[in-house]
């Protein structure tokens, strides 16, 4: 047995190139699997640990006035476990109105959506002071015990910073219309009642935080109705939904690519083991003649690939869990705020290397049957790799006048397994190349599509424009127009969904495109985004009902267009049609060019966004996905190179005796090289033709994992097809050129006398 182990190690070393290929395949698949799973599971565990620790609310109710009797009635319901009141007010820094702080006055309770203090004093109902957003403090050079002055509704409130904290409600914190958190401009702060003097601020509580079970939303509706309140459920809160969608996307994309890589790894194992056994046919016969039992030989030859697979899988699994999270977490840290973000291994994921080794064992056993079942005399005196020559039934092909065509067609049909494996290898290579590049170009196109075709304005100024003089001056200075953005409840016969509503005065700065990406003009009715239409099964011509959040008046309109809108999913309606239907239009933003004369440092303006900032935010939001694309593209090139090399080597070995015969008959090396390259290019062509549609389907599956708040359409320009096609052909041609160099070293005597 020791002798066989030494022989196994010697065989692996002598055939190091194909076994390195197996090692790399298993390394790559386990590297990606462990890395992606550790990354998304780490985010998921860190997120849920923080949410559970801080007891994130199940629902939020916001209203200008909260009826105490109704609050008491809601609290008495059996499925409502606890309710806390608080006051929410928007504020700015006293010395910089462009920096906003969400200001909360707690009703001396903080057991729901608790703040987590990172530095300073823990929350206490008796201590005077303010607990400030840690990242906002760091970005604006605030430290513990500093004084901070906030402008709240025109009143200045000064407090000492006694704590720097995190909040589960601000894991993902962006202003309306933004995509990337800006911790220098936006923050939050909490105080208790004793820190606020009644004569300074006398505003009633306007928010309820609710913990409960069952259908909380139905319970709230039964008590409050819909008049004058806004309800946000936990699943719809940005801090909860965004990170959940991110985790799902990474999980599904990772699993798709791992499945493809493992499929290619199995192909590599088949070709390598087949090649090894074919080259050692004489040694197998001698070992059998010396009395080695078949079971020992089975164990010996399956151990080659199983050992290498296991080592590659274990190393890949260990390294991937360290490297990939380190690559992706910096981007995640820019998007989401969690006190602790660490990779976490999924329980049982360590079994994958064992599964890979077992899979290799089964595949190797199946191949060994072909070479080890015969007795010693038959193995020694016959060529197990040689097949009986059979006439092909396709008479038309046999009439081809070209010798090269007839030879290669005959060889392809006689070696169907090897030919099919070559085609499958090319399909895997092309589909990975195409889907990786297609995903990258689709995401890059999302930015161009959003900010060059759909949104053509340079600046978006958000605020409350109750002063008509100021609004008119701003509109004139920016050559702008008014925009209304709100939240609505959309209702169909079977479904109800909270989504966004956009009211347009014209289509100069926000253009609408149908599902075929053709610009459309909306005159009557509403335009519904494709994602919402698909989710609710709504088609053009159907009527929908909707009401604005916090109101109970329902409106009805007809769906005139289904539109493709990259970022804002919901309902779009023209102001002229809103006026006809008596739907209120109120200005939430002004869009246009950058203002030159009118000051935007005003109490009426809450936020100003430039196109460059919005572009940068979207690019950062997609950075993690783009990084995954780059990683998969590199892996696709590596795997394609390895599998084409192995299959080419197998083809060379299976045709070794045939090529020796041709040399004896007078064929020079150049003609034999042409014969070999031509067949491989044929098989590559078939693989490319099938691989491009497979890659397109793979791309659609990956884009389907993107969160529903974003609509990424497939964008595969000609160079993606060209790069996938020419790249695979070039790779195949270079590998075949490399392998054909071996033809001049063919030993004609030993090849033709192999059976003697």
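Using a Förster distance of 41 Å, how high is the FRET efficiency between residue 402 and residue 256, based on the Cβ-Cβ distance and rounded to 0.05? Could the numbers behind the result be given before it?
On the way: r = 42 Å, r/R0 = 1.02.
In this case the efficiency is close to 0.45.
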**Prompt:** To one decimal place, what Kirkwood hydrodynamic radius in Å is obtained for region 65-227 from all pairs of distinct Cα atoms?
**Reply:** 16.9
**Message:** Suppose the Debye formula is applied to equal point scatterers at every Cα of region 503-620; what is log10 I(q)/I(0) at q = 0.13, 0.15 Å⁻¹?
**Reply:** -0.64, -0.83
**Item:** Alpha-carbon centroids, region 688-703 and region 121-154: separation in whole Å
**Value:** 53
**Rounded, prolate or oblate (a/c below 1.5 giving rounded, otherwise prolate when a/b exceeds b/c) for region 440-539 by Cα gyration tensor** = oblate
**Fill in**
For region 65-227, percent of DSSP beta bridges that are antiparallel (nearest 5) comes out at 70
**Reciprocal mean inverse distance between Cα atoms of region 237-391 - Kirkwood radius, Å** = 19.2
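What ranking of 317, 682 emerges when the number of other C-beta atoms within 10 Å of each C-beta is taken as an exposure proxy, fewest first?
Values: 317 26, 682 17.
The fewest-first ordering by Cβ neighbours comes to 682, 317.
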**Request:** Extending each Cα 7 Å along its Cβ direction at residue 76 and residue 88, get the distance between those two points in nm, one decimal.
**Result:** 2.8
**Request:** Rounded to the nearest 10 degrees, what's the angle between the helix 416-448 long axis and the longest principal axis of the chain, both from Cα atoms, 0 to 90?
**Result:** 20
**Prompt:** How far, in degrees from 0 to 90, does helix 238-279 lean away from the longest principal axis of the Cα atoms of the chain, to the nearest 10?
**Reply:** 0
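When you count, for each residue, the other Cβ atoms within 10 Å and take the mean per peptide, how do 636-644, 2-10, 318-326 rank with the highest first? The partial results should precede the final answer.
Values: 636-644: 22.6, 2-10: 11.9, 318-326: 18.4.
Per-residue Cβ counts within 10 Å, averaged per peptide and sorted highest first, yield 636-644, 318-326, 2-10.
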**Asked** Roughly how many whole Å is it from the C-alpha centroid of region 314-378 to that of region 441-475?
**Response** 47
**Message:** Sort 629-635, 404-410 by the packing proxy (mean of other Cβ within 10 Å over each peptide's residues), most packed first.
**Reply:** 629-635, 404-410
**Message:** Need the full-extension length gain, residue 128 to residue 580, defined as separation in residues times 0.36 nm minus the C-alpha distance. One decimal, nm.
**Reply:** 157.4 nm
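Can you order the peptides 46-59, 65-78 by their average number of other Cβ atoms within 10 Å per residue, highest first?
On the way: 46-59: 18.4, 65-78: 13.6.
Put in order of decreasing packing, that is 46-59, 65-78.
Can you sort 331, 450 by how many other beta carbons sit within 10 Å, fewest first?
Details: 331 17, 450 20.
Placing the least packed residue first, the sequence is 331, 450.
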**Message:** I need 131, 13, 733, 60 ordered by Cβ neighbour count within 10 Å, fewest first.
**Reply:** 13, 733, 60, 131
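Between residue 491 and residue 365, what length comes free when the chain is fully extended (0.36 nm per residue of separation minus the Cα-Cα distance, one decimal in nm)?
Values: separation 126, 0.36 × 126 = 45.36 nm, distance 5.94 nm.
Length difference between fully extended and current span is 39.4 nm.
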**Request:** Working from Cα positions, state the angle (0 to 90°, nearest 10) between the long axis of helix 669-703 and the longest principal axis of the chain.
**Result:** 20
**Asked** Contour minus end-to-end for residue 506 and residue 158, with contour as 0.36 nm per residue of separation and end-to-end as the Cα-Cα distance?
**Response** 120.9 nm
**Request:** State log₁₀ I(q)/I(0) for the chain at q = 0.08 Å⁻¹ as given by the Debye formula over alpha-carbon point scatterers of equal weight, solvent excluded.
**Result:** -0.80
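Read-outs throughout are calculated quantities, based only on the coordinates presented, and are distinct from any laboratory measurement. Keep in mind that this is a model prediction, so the values were computed, not measured. Note that we place each Cβ from the backbone using ideal geometry, even for glycine, and neighbour counts take in every protein chain shown.
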